[in-house]
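Comments concern the structure below.
The values are calculated or read from the model by the stated rules, or taken from the named source; none is laboratory data. Predicted model, so just to flag it, every value in this text is computed and none were measured. Reconstructed Cβ throughout: ideal geometry from the backbone, glycine too, with neighbour counts over all protein chains shown. Note: areas computed on protein heavy atoms with side chains; ligands, DNA, RNA excluded. Shrake-Rupley method; radii C 1.70, N 1.55, O 1.52, S 1.80 Å.
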Amino acid sequence: GPKQVRRAVTHGMGAQDACALTQLNDACLLKNLEQRFCDPECPGGMYTWVGPVLAAVNPYEALPIYGADTIAAFRRAKTATQSAPHPFAVAAQAHRQLLRSGRKQGILISGESGAGKTETAKHVMKYLAADSEAGVEKKLLGVNPILEGFGNAKTLRNDNSSRFGKLLRLHFQQKSLTGASVETYLLARSRVTQVPAQERNYHAFYALCNGLSKEDPLTEQLWVHPAENFRYLVPPEEPDGQLYMEDSTFLQSIRDALSSLGVTPEQEQEIFRAVMAVLWLGNVEFEETGQGCALVESSRGALER
C-alpha cells in the first residue's frame, strides 16, 4: 500500500548516481530523488547525479554545505563523478576541463519556476570565484542584487523568480578568474504595467519606495512615496507569504552592488530617478473626449512629478 511505498522511499540514502539503479525510468528516478531528499543522514540529499547531469530538488531553506571547507574538499577531487553530487562538483569539473584543454566550457542550469536556478547559479559562481584576482569575487557575487532587483519578482510559485534569462561569461587567465560579463534576454517587460493577481512587480520598485528612509535626501528629491500609492505596484489581489528580502535590506544591497561596480552617487540617483518616473507615469490617466482624449485632472500631479 502507499504507506509501505513511503517507508521504502524514505529509508536509506539511495543511489548517489541514478545510473547505478537496476532500472532507470521515470518512476525509479523520482523514487531515488525522494529517497535521498528525505533521508536526514544525507546532508546533500537534494542533489543526485544522473550520469554527468546534476539533478536538484529545491529544499527552500539555507543549508551549511556551501562554505570554504566544502569548496576546498571539491578542489581535491579528481573528477566530478568521484565527488558527492553538488553544484561545486559541476563547477570544479568545468574548471578542470578548462585548464586541461584550454577550450571554453559551459554549464547549463535549467528547470521550472522555483526549481532553484538562481541560487544554483550563485553557488557555481561562488566556487569559480574563490581563486579570483583581488576584487573580482566581490564584484561578481555583488552584482546579483542588481540583476535580482530589476529582473526578479515574487510569483505564486517563487518568492524570487527570475523573469528573464541570462548568459554569464567568466574570463580566466591560467587558474584565476579575472573578469566577467553578463547578457540578459527575454525580460518580461509587460510585468511593469500588468502584475498578475497575488504576485508582485519587480523587487527594485518596492525596495526604493518602501526601503528608502524619510531622512534620505533622495526621498524628497525623487518624490519617493510608499508602494501602495502607485498603480503599478498594487496587484488585483495582494500576494501571500513572506517576501524574499526586507525592502530596506534589499535597497541597501542594490546600492552596495552599484557602488562596488564603480557607479557614482550621481549615477545612482539618475537610475532611481528613472525608476520613480516609471511609477509616476503609471498613475497618469486619460479620458475620452469628443475630439480624442485628455488628461484626467486628478492625475496632473503625477505627470508634473
Percentage of Cα-Cα pair distances in the range 130-224 greater than 15 Å, rounded to whole percent?
69 percent
Quick check of the Kirkwood formula: for the range 49-170, what is the inverse mean of 1/r over all pairs of different Cα atoms, in Å?
15.5 Å
Translational D in µm²/s for the chain (Stokes-Einstein at 20 °C, 1.002 mPa s, Kirkwood Rh from C-alpha pairs)
96 µm²/s
Sum of -39500 (n - 2.57) over DSSP H runs of 4+, divided by residues of the chain (222 nm, nearest 500)
-12000 deg cm²/dmol
Which values of log₁₀ I(q)/I(0), to two decimal places, follow from the Debye formula for the range 206-249 at q = 0.17, 0.28, 0.29, 0.33 Å⁻¹ with a uniform point scatterer at every Cα?
-0.53, -1.07, -1.10, -1.21
Eigenvalues of the Cα gyration tensor times 5, then square-rooted: what semi-axes does that give for the range 97-142, in whole angstrom, largest first?
22, 17, 6
Within a Gaussian network of the chain (alpha carbon springs, distance under 10 Å), most fluctuating of L108, L258, L29
L108
Which whole number of Å³ per residue matches the convex hull of the alpha-carbon atoms in the range 15-91?
93 Å³
At a 10 angstrom cut-off on C-beta neighbours, averaged per residue, how do the peptides 59-70, 137-148 rank from highest to lowest?
137-148, 59-70
Could you state the accessible area per residue of the range 39-122 in Å², with a 1.4 Å probe and every protein chain left in place?
57 Å²
Which translational diffusion coefficient, to the nearest whole µm²/s, is obtained for the range 191-305 from the Stokes-Einstein equation, given a Kirkwood hydrodynamic radius over C-alpha pairs, 25 °C and 0.890 mPa s?
158 µm²/s
Compute the length gained on full extension between E246 and D216: take 0.36 nm times their separation in residues and subtract their Cα-Cα distance, giving the result in nm to one decimal.
9.0 nm
Take the Cβ-Cβ distance between L63 and L24 as r, set R0 to 25 Å, and report the resulting FRET efficiency rounded to the nearest 0.05.
0.35
Per the 1.4 Å probe, what fraction of the accessible area of the chain, in percent, lies on carbon and sulfur atoms?
53 percent
Where the range 186-251 is the region considered: accessible area per residue in Å², 1.4 Å probe:
58 Å²
Identify which of Q291, Q23, Q174 has the largest mean-square fluctuation in a Gaussian network model of the chain, with springs joining Cα atoms closer than 10 Å.
Q291
Kirkwood Rh (inverse of mean 1/r, distinct Cα pairs), the range 240-305, angstrom
14.9 Å
When the Kirkwood radius is taken over all Cα pairs of the range 177-248, what Stokes-Einstein diffusion coefficient follows at 4 °C and 1.567 mPa s, in µm²/s?
91 µm²/s
How much of R169 can a 1.4 Å solvent probe reach, expressed as accessible area in Å² and rounded to 10?
100 Å²
C209, C293, C28, reordered so the largest accessible area comes first (probe 1.4 Å):
C293, C28, C209
Hey, quick one: spin label on K175, modelled 7 Å out along Cα-Cβ, who in the range 124-158 has an amide N within reach, i.e. under 16 Å?
127-134
